[in-house]
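Asker: Provided herewith is a single structure, encoded as structure tokens, for subsequent inquiry.
The values are calculated or read from the model by the stated rules, or taken from the named source; none is laboratory data. The structure displayed is predicted, hence computed values, not measured ones. Cβ coordinates were reconstructed from backbone atoms using ideal geometry, including for glycine residues, and neighbour counts include every protein chain displayed.
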Amino acid sequence: MKFNKKKFSHYIIFIVTGINYCIGLVLSILFRSENNNILLFGQKLVGNLEVIFKDKRLSNNNIYYITLDYGEYRNLKKIYGKNILTPFNIFNILKGFNSKVLVTSHGIFLHNFVNKIGIKTILCGHAINGVIPKNNKKIVKYFELFHEVWLHSPYDKKILCEELFCGSKNLKVLGFVRNQILIENIKEKNELKSENSMSDKKIILYAPTSHRGNNDYINSEFSAFNIKFYEFMDKQLINTNIYLIIKPHYKDTLSSQIYDYIKVSNNIFLNEELNLQNDYDVMTISDLLITDISTVYVDYLLLDNPIYIINNPDPDPYMQRSSILRNIDLPTINDKKDIQNLIKKLSDGKIVNDNTKILKNKIFGDLNHSKIIEKIDKIFLEN
């Protein structure tokens, strides 16, 4: 949950949870005990956090997830019971602070104090680093607060060391655990497609970046927030063997008009409505990715499927991108004619896929994704 200064409810939420958080920090000094508890924290239980929470190969540990979003808490509580915590409950806070390891995809409030009470803090990340912040010193200090920073790939370390000028002392090129699942589930592709009645279809996945409130982006021709884009795509997909799946950025919400349109469409689907076990399964079942200024293409390289970059406006033109998002050497989509040609090539099985393997080797090198869960389990057991 990200703080929105325009919402009064967010002030109440952050004040109440902040008070409980501080009380919990103090009391945890008195009541800490040895255990195998692992606490997960992030903006949402997706990606690396989701895999760490669910994967049975990490069951030697008691794994909990705490969320600021009360709606997410209630929904997950129904499924996972006592392993879902909320900072609104002081006893949940105490249980969280009694953990030996805290793994987060983002930042930690009062991080120095959390370190001082004896919790090992680990940044598991949510994407390869695609941004160069204006205040480099601040981001370097942020990374230094963690005992370990688990990196996406050798190229991720290159970005941190050569573009952000971070020290390498606590940086671990572990690989992202969600990518181990992505690769393992390739063999489940046909079954996943069958479970969603898509066995005989080729699937285009459209996974754009967040709109960040930029109206030029929201209203642009190929925007996932523009109803005309859906009308155009629906028309192109009629009488083809192709489906389109839309995966919006987790921070974004589509309009009710678009939701209603997708419900009656026979060709377009939302990833959240599919019968899938993990967030990244939508990549597994797809045959081609379309994205824009997003790092999602990097993980998709592991599938050896075609990737196209669509020419959407930059939703944050003043943001400095890291090299992973500059001059991406992949084919582009610039107009409607390009989309029509792409659909025809995919339908006819004539898509050329040369650049992805070159990029994959450049970013991942010889990183072995098959041992990431095993390495994480070892790290948890050693602490």
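Asker: Counting only residues that are surrounded by fewer than 17 Cβ atoms within 10 Å (Cβ to Cβ), give me the helices (runs of 4 or more DSSP H) lying completely in region 239-334 with at least 2 of them.
Answerer: Correct list: 256-264.
Asker: Let me ask something additional. Show the residue pairs that are 6+ apart or on different chains and have beta-carbon atoms under 9 Å apart, the first residue being within region 72-88 and on the phi > 0 side of the Ramachandran plot and without any contact (Cβ under 8 Å) to a residue 60 or more places away in the chain, the second being among the hydrophobic types (A, V, I, L, M, F, W, C) and exposed (fewer than 14 other Cβ atoms within 10 Å of the Cβ).
Answerer: Matching pairs, first to second residue: none at all.
Asker: Looking at SER199, SER194, SER168, can you tell me which residue is surrounded by fewer than 16 Cβ atoms within 10 Å (Cβ to Cβ), outside any helix (DSSP H, G or I) and in the same structural domain as SER286 (by TED's automatic domain parsing)?
Answerer: Unique residue meeting the criteria: SER199.
Asker: Could you list all residues from region 329-358 that are aliphatic (A, V, I, L, M) and out of contact with any Ser or Thr (no Cβ under 9 Å at 6 or more places or on another chain)?
Answerer: ILE333, ILE339, LEU342, ILE351, VAL352, ILE358, listed by residue number.
Asker: Just checking, which of ASN312, ASN305, ASN275, ASN267 is in contact with an Asp or Glu (Cβ under 7 Å, 6 or more places away or on another chain), farther than 30 Å from LYS134 by Cβ and touching a residue at least 60 places away in the same chain (Cβ under 8 Å)? Outline the logic, then answer.
Answerer: Numbers: ASN312 fails: farther than 30 Å from LYS134 by Cβ; ASN305 fails: touching a residue at least 60 places away in the same chain (Cβ under 8 Å); ASN267 fails: touching a residue at least 60 places away in the same chain (Cβ under 8 Å).
Going through ASN312, ASN305, ASN275, ASN267 in turn, the sole match is ASN275.
Asker: Ok, one more. Look through LEU160, LEU182 and report the one residue that is assigned to a helix (DSSP H, G or I), without any contact (Cβ under 8 Å) to a residue 60 or more places away in the chain, of a type in the set (A, V, I, L, M, F, W, C) and crowded, with 20+ Cβ neighbours inside 10 Å.
Answerer: LEU160
Asker: Between TYR243, TYR259, which is at pLDDT 95 or above, under 24 Å from the mean Cα position of the chain (by Cα), more than 21 Å from TYR300 (Cα to Cα) and not small (Gly, Ala, Ser)?
Answerer: TYR259
Asker: May I pose another question? Return the residue satisfying two criteria in turn: it lies in region 77-94 and is in contact with a Gly (Cβ under 9 Å, 6 or more places away or on another chain) and surrounded by 20 or more Cβ atoms within 10 Å (Cβ to Cβ), and of such residues it is nearest to ILE15 (Cα to Cα).
Answerer: If we take residues in region 77-94 being in contact with a Gly (Cβ under 9 Å, 6 or more places away or on another chain) and surrounded by 20 or more Cβ atoms within 10 Å (Cβ to Cβ), then PRO87 is nearest to ILE15 (Cα to Cα).
Asker: Right, something else. Of a type in the set (Gly, Ala, Ser) and without any contact (Cβ under 8 Å) to a residue 60 or more places away in the chain - does that describe any residue in region 341-350?
Answerer: Yes.
Yes or no, residue by residue, for (1) in a helix (DSSP H, G or I); (2) of a type in the set (A, V, I, L, M); (3) more than 15 Å from SER323 (Cβ to Cβ); (4) without any contact (Cβ under 8 Å) to a residue 12 or more places away in the chain:
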| residue | (1), (2), (3), (4) |
| --- | --- |
| GLY118 | no, no, yes, no |
| THR121 | no, no, yes, no |
| ILE128 | no, yes, no, no |
| PHE143 | yes, no, yes, no |
| HIS152 | no, no, no, no |
